[in-house]
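Following: one structure in structure tokens, then a few remarks.
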Amino acid sequence: MSLLEHAAPGVRPTAGISGDDATTTAEIEALFRQLESALEAKDAAAFDQVFTEDVVFITPAGAIFRGWDELHGYHRARLGDSPDARARFELLALRLLTPDHAIVNVEQALHTAEFSLANRGTWVLLRRDRTWWVCSVHNTNIAGSAKS
């Protein structure tokens, strides 16, 4: 179904546009690999580089950060005090709503010497000038995933 088509009456529409775009998928996967590297390096500036100025970010614990400055302050404090960690984002679903707007459902696993935990999130991305940006994130803990 193209952007200009509409579902026939009685037919449930889909959110995503049709057709797989391997290049776009690779670009978005690269964004999440960049986030993994930044987390492992405890580099808040590199991690937050992908967020828009007006980002809304909800942590697994429910804290809400509105705007890049607020989010970056949070990440700077959290990453500075965090133990060495290995992070992995698994893309569970990636849907393009338009060629320049995507919803990505991810599972993030975080492993340290002391503990492991996981959360799932919904990330809203937009593309401007051939660059993907994150404009909204909502994370939630996976019950029972925390292990000491």
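The values are calculated or read from the model by the stated rules, or taken from the named source; none is laboratory data. Just so you know, these numbers come straight off a predicted model, no measurement behind them. Neighbour counts are summed over all protein chains in view; Cβ atoms, including those assigned to glycine, are modelled from backbone coordinates with ideal geometry.
Residues in the range 88-111 that are free of Cβ contacts under 8 Å to residues at least 40 places away in the same chain and under 19 Å from ALA61 (Cβ atoms): GLU107, GLN108, ALA109, HIS111. A residue that is in contact (Cβ under 8 Å) with a residue 40 or more places away in the chain and among the hydroxyl-bearing types (Ser, Thr, Tyr) cannot be found anywhere in the range 112-128.
Residue count for the range 133-148, restricted to those that are in a strand (DSSP E or B) and exposed (fewer than 13 other Cβ atoms within 10 Å of the Cβ): 1.
Taken over the range 1-32, the criterion of being at pLDDT 90 or above and either more than 27 Å from the chain's Cα centre (by Cα) or charged (D, E, K, R) (or both) is satisfied by GLU27, GLU29.
Every condition in (1) over 27 Å from THR23 (Cβ atoms); (2) touching a His at 6+ places or on another chain (Cβ under 9 Å) is met by TYR74 except one, and the failing one is (2).
When ASP84 is tested against (1) modelled with pLDDT of 95 or more; (2) touching a Lys or Arg at 6+ places or on another chain (Cβ under 9 Å); (3) farther than 16 Å from GLU27 by Cβ, exactly one condition is not met: (1).
Has the range 116-132 got any residue that is in contact with a strand residue (DSSP E or B) (Cβ under 8 Å, 6 or more places away or on another chain), exposed (fewer than 13 other Cβ atoms within 10 Å of the Cβ) and in a strand (DSSP E or B)? No, the range 116-132 contains no residue that is in contact with a strand residue (DSSP E or B) (Cβ under 8 Å, 6 or more places away or on another chain), exposed (fewer than 13 other Cβ atoms within 10 Å of the Cβ) and in a strand (DSSP E or B).
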